[in-house]
Structure formats: structure tokens, C-alpha cells
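Computed from the coordinates by the stated procedures, all read-outs in this text should not be read as laboratory data. Predicted, not measured: the structure shown is a model, and the values here were computed from it. All Cβ positions, even for glycine, are placed from backbone atoms using ideal geometry, and neighbour counts span all protein chains on display.
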């Protein structure tokens with residue numbers, strides 16, 4: 001982690017009086033695809049090590065997750081769980097749902113907590129937020145940021161996904177479960193179709209509450225399912241434009257890119273800013289395997305279209321680093337550079353270029369058996385050698401700018417942090433679970449892991 005990031009952390013601690021402050025519980029509402037309320041989109045990963053996948057959910061007084069198909073947004077925003085999260089942070093402690101961020105920071109990764117603090121530092125007075133907090137953790141119900149997962153409707157069934165986040169996964173789920181002996185695999189992808197509500201976001205009461213917050217909203221974040229397939233997403237944007245608040249609101253997306261077209265680009269052009277993170281996890285047949293059943297030609301078409309969007313639209317490639325692509329991300333980054341895109345990963349937050357101008361890297365925690373940490377020690381040593389060679393290549397062929405190497409937390413320091421994360425723990429005990437999962441999935445999908453990833457074929461033996 002750079003000295004500048006360390007200085008920023010110290011500044012936030014001095015301003016808030018606590019080393020564990022995160023701004024999100026004071027301004028933000030997040031949903032899961034089934035309408036369950038959660039603390040943020042990364043909080044459930046805090047339960048990856050213990051297998052408690054209820055971590056991160058905003059629980060009501062009955063210890064069940066609040067759900068926006070039933071519960072009001074205002075009630076969940078200030079329920080006992082949320083009040084406790086705020087007071088825990090103000091007491092300098094780490095809430096159970098937040099351990100992922102602090103683990104990442106200990107490995108030199110700029111966590112979601114830090115990213116959000118940096119984003120909101122000029123928008124809000126953190127000291128004023130704390131002063132507005134009652135001693136029991138209650139705050140005024142002013143919601144500036146919504147993270148909306150409006151159901152699980154999706155056109156893909158990515159290897160690291162499940163029916164909870166992709167409707168198309170149901171085609172394979174029952175076959176997979178019936179042939180799976182591993183309790184680890186079952187627990188990681190467990191899904192109850194009878195209890196899953198994919199219509200919760202059609203509630204008139206839900207939208208009336210959100211519409212009442214439009215004057216307060218500064219940012220909206222949409223992810224999947226695939227947000228561009230969901231009609232309520234578009235209806236919400238149209239309502240904001242109709243009410244005249246579009247120029248005060250920034251939009252963020254994680255999306256698979258298949259449904260990007262001129263029509264939605266025209267809508268986006270009317271907002272203050274759009275950050276579009278295009279989920280791509282490799283090139284050619286590797287991405288087609290991981291983000292099944294993607295056609296690589298569609299990916300390149302969308303990249304070309306997004307590279308010519310208006311100036312208020314910022315595009316980045318978001319790569320989910322996992323065991324399947326950890327030995328390929330260097331090739332992926334070199335491919336991206338060879339394309340000479342005009343704007344993809346070229347925008348800046350202050351002086352920090354997105355992904356250091358390469359690709360954005362984030363870590364897969366769940367399913368646990370797809371984490372890069374399952375690699376045997378000799379494979380991790382190979383990844384280390386590959387990254388050191390890549391470092392030399394970048395110095396010679398890409399840049400010698402100090403900003404990339406020493407300042408930008410998303411430049412070389414991000415790659416260093418990925419390596420630190422990889423080497424910090426040994427999860428190779430999950431290799432049998434990985435092998436069973438991949439073998440069964442290949443049989444169901446008529447895919448061939450060993451042929452697509454020859455560098456990893458030995459992991460199935």
C-alpha cells in the first residue's frame with residue numbers, strides 16, 4: 001500500500017476519531033437479488049473463511065434478513081442491526097460483516113471501504129455525519145446511494161456464479177447438485193427456488209420509497225443479474241430524468257456488456273457521470289468458459305462501442321481474479337494494451353488512472369473453492385515468477401512513470417497486493433472440491449477445462 005494511501009487512512013481516522021469508520025452505513029442501501037438487505041456488496045465475503053454466508057445481511061429483530069419486498073427502506077436503514085454497525089465502528093471495533101475490507105487492507109489491497117471513503121470525501125463532511133448520529137446509532141433517513149440488484153435475470157451462467165445471481169444457472173443447478181458429493185460445493189452454491197422471490201422489486205411501495213429519495217440521491221449502482229436486461233432499471237432512469245435530477249446523479253454498473261447499445265448510451269449521456277465496469281475475466285476461449293456461454297465476438301463488439309461513448313461515460317474492464325485466470329491475467333492485460341483503446345481504463349479519479357491503465361482487478365472469495373488461494377505452493381511460486389517477469393515487461397514496454405509504480409493504488413501496487421493475498425493463506429485443501437465441481441460442470445456443459453486451461457489441467461488429477 002502506498003504512503004499516500006496510508007496518509008489518507010490516518011487523515012480519515014483523525015477526522016472521524018475511529019480507525020474502523022466506513023461511510024457506507026451512513027448513506028447507503030444495498031440489496032441482494034432476492035430483495036434481502038445487505039450492508040454492502042462485499043460484506044458477504046467476510047463470511048467466506050467461516051462458511052457463514054449470512055454475514056453481511058441486514059438482519060431484522062427476528063434475526064432474519066430484512067427484505068425490501070416486505071420491509072420498508074427507512075425501517076431497515078435504522079433497524080437494530082444497522083444501529084449496531086454504526087456504534088461498533090464509532091467505538092473503533094470492526095463489525096463482523098466488515099472483516100473482508102480490513103483483511104484486504106492488511107495485504108496492501110485498497111478495499112471497498114477505502115475506495116468509498118475516497119470517493120465521498122469531497123461530497124460529504126464525515127464529521128457532520130458522526131455528529132448527526134444518535135447515541136444508539138440512529139441517523140436521519142437521508143439515502144444518497146443505492147446499490148440495487150433487481151432480481152437474478154441474466155443471460156449468462158458464469159462459473160463462479162449460482163442461481164441466486166443468475167436465472168440462467170437454473171438450467172445446470174439441479175443436474176450439478178444431484179451429481180455433487182462435496183458438502184463444500186453444495187454449501188457455496190446452495191439455492192432454494194421455492195423461497196427465492198424474483199418479483200420483490202415490482203412492489204409499488206418499494207419504488208414509492210425510492211422515488212421519495214430521488215432529491216437526495218448522488219449515486220446509483222446497478223449489478224446483476226444483468227441490469228441492462230431488467231426493465232425496472234430503465235424505468236428508474238427515465239423517472240429521474242423526468243423529475244430533472246439526472247445531472248446530480250452518477251451511475252455505476254457491473255455488467256457483462258452483451259446488452260450495451262446506442263439506446264442506453266443515449267440515456268447515460270444525460271446523467272452527471274457513468275462508470276461502467278465491463279466484467280471480462282480473460283480473452284477468447286478462457287472468457288467464454290468462465291463467463292459461459294459468452295461469445296467473444298460479442299465482447300469485442302461491445303468494447304468497440306463503449307470506446308466511442310460520450311465524455312461523461314467512463315469504461316473499465318473488471319476482472320474477477322480467481323484460480324481459473326490467475327495465470328492468465330498477465331496475458332489479458334497485455335492484450336488490452338495491444339488494442340490501444342482510447343478510453344477504456346483511461347479515466348482518472350484525481351490523478352489515479354483506473355486499473356493503472358491496464359485492467360481493474362478484484363478478488364473472488366465465494367465460491368471458496370474457486371479462490372486463487374487454493375493453488376498448491378508450487379503453482380503460487382510460478383505466479384510469483386510470472387508477475388516479476390511482468391513487472392520487468394511493464395517497465396520496458398509500458399511506463400516508467402512514478403505514478404503507476406509508486407502512487408496509484410490501482411497501478412503496480414494492485415498487482416503486488418494480489419500476490420500478497422494469494423500467498424497469505426493456503427486453501428489447497430479445497431482442491432478436491434474444485435476438481436469435483438469443474439468435472440461435473442464440464443459434463444453438464446460439454447466444456448473441457450483441461451483443454452481451455454492447460455496450465456491448470458494438473459489440478460484435476
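Give me the extension gain from residue 170 to residue 270: residue separation times 0.36 nm, minus the current Cα-Cα distance, reported in nm with one decimal.
In short, 32.4 nm is gained.
Calculate the spin-label point distance for residue 179 paired with residue 439, positioning each point 7 Å from the Cα along the beta-carbon direction, and give it in nanometres.
Using points 7 Å along Cα→Cβ, the separation is 1.1 nm.
In whole Å, what is the distance between the alpha-carbon centres of segment 375-439 and segment 318-351?
Value for the Cα centre distance between the two parts: 14 Å.
Using a Förster radius of 56 Å, what is the FRET efficiency between residue 296 and residue 135 based on their Cβ-Cβ separation? Nearest 0.05, please.
0.50
Taking every pair of alpha-carbon atoms in segment 202-241, give the share separated by more than 11 Å as a whole percent.
For segment 202-241, the fraction of Cα-Cα distances above 11 Å is 70 percent.
What does the highest-first list of 183-194, 62-73 look like by mean Cβ count within 10 Å?
62-73, 183-194
Express the C-alpha Rg of segment 40-192 as a ratio against the empirical globular expectation 2.2 N^0.38 Å, rounded to two decimals.
In units of the 2.2 N^0.38 Å rule of thumb, it is 1.21.
I need the peptides 250-259, 268-277 ranked by packing, meaning the mean over residues of other C-beta atoms within 10 angstrom, with the highest value on top.
By packing density, highest mean first, the sequence is 250-259, 268-277.
Once label points are set 7 Å from the Cα along Cα→Cβ at both residue 204 and residue 420, what is their separation, rounded to one decimal in nm?
5.3 nm
Restricting to segment 243-366, compute how many DSSP beta bridges are antiparallel as a %, nearest 5.
10 percent
With r defined as the distance between the Cβ atoms of residue 263 and residue 216 and R0 fixed at 22 Å, what FRET efficiency is calculated, to the nearest 0.05?
It comes out at approximately 0.20.
Extension gain residue 389-residue 350, at 0.36 nm per residue separation less the Cα-Cα distance, in nm?
11.1 nm
By counting other Cβ atoms within 10 Å of each Cβ, how are 249, 359 ranked from fewest to most?
Ascending Cβ contact count within 10 Å gives the list 249, 359.
Please report, largest first and rounded to whole Å, the three semi-axes of the ellipsoid equivalent to segment 274-360, where each semi-axis is the square root of five times an eigenvalue of the C-alpha gyration tensor.
Result for segment 274-360: semi-axes of 21, 15, 11 Å.
Nearest 0.05, what FRET efficiency do residue 331 and residue 128 give at R0 = 56 Å with Cβ-Cβ as r?
After rounding, the FRET efficiency stands at 0.75.
Taking 0.36 nm per residue of sequence separation and subtracting the Cα-Cα distance, how much length would be gained by fully extending the chain between residue 378 and residue 84, in nm to one decimal?
So the chain would gain 101.5 nm between residue 378 and residue 84.
With an 8 Å Cα cut-off and a minimum separation of 6 or more residues, compute the relative contact order for the chain in percent.
After rounding, I find 15 percent.
Points 7 angstrom from Cα along the Cβ direction at residue 232 and residue 400: gap in nanometres?
Taking the simple label geometry, residue 232 and residue 400 are separated by 5.5 nm.
Starting from the coordinates of the alpha-carbon atoms of the chain, obtain the Kirkwood hydrodynamic radius over all distinct pairs and give the value in Å to one decimal.
That comes to 22.8 Å for the chain.
Once you order the gyration tensor axes a ≥ b ≥ c over the Cα atoms, which shape class does segment 127-255 get: rounded for a/c under 1.5, otherwise prolate or oblate by comparing a/b with b/c?
prolate
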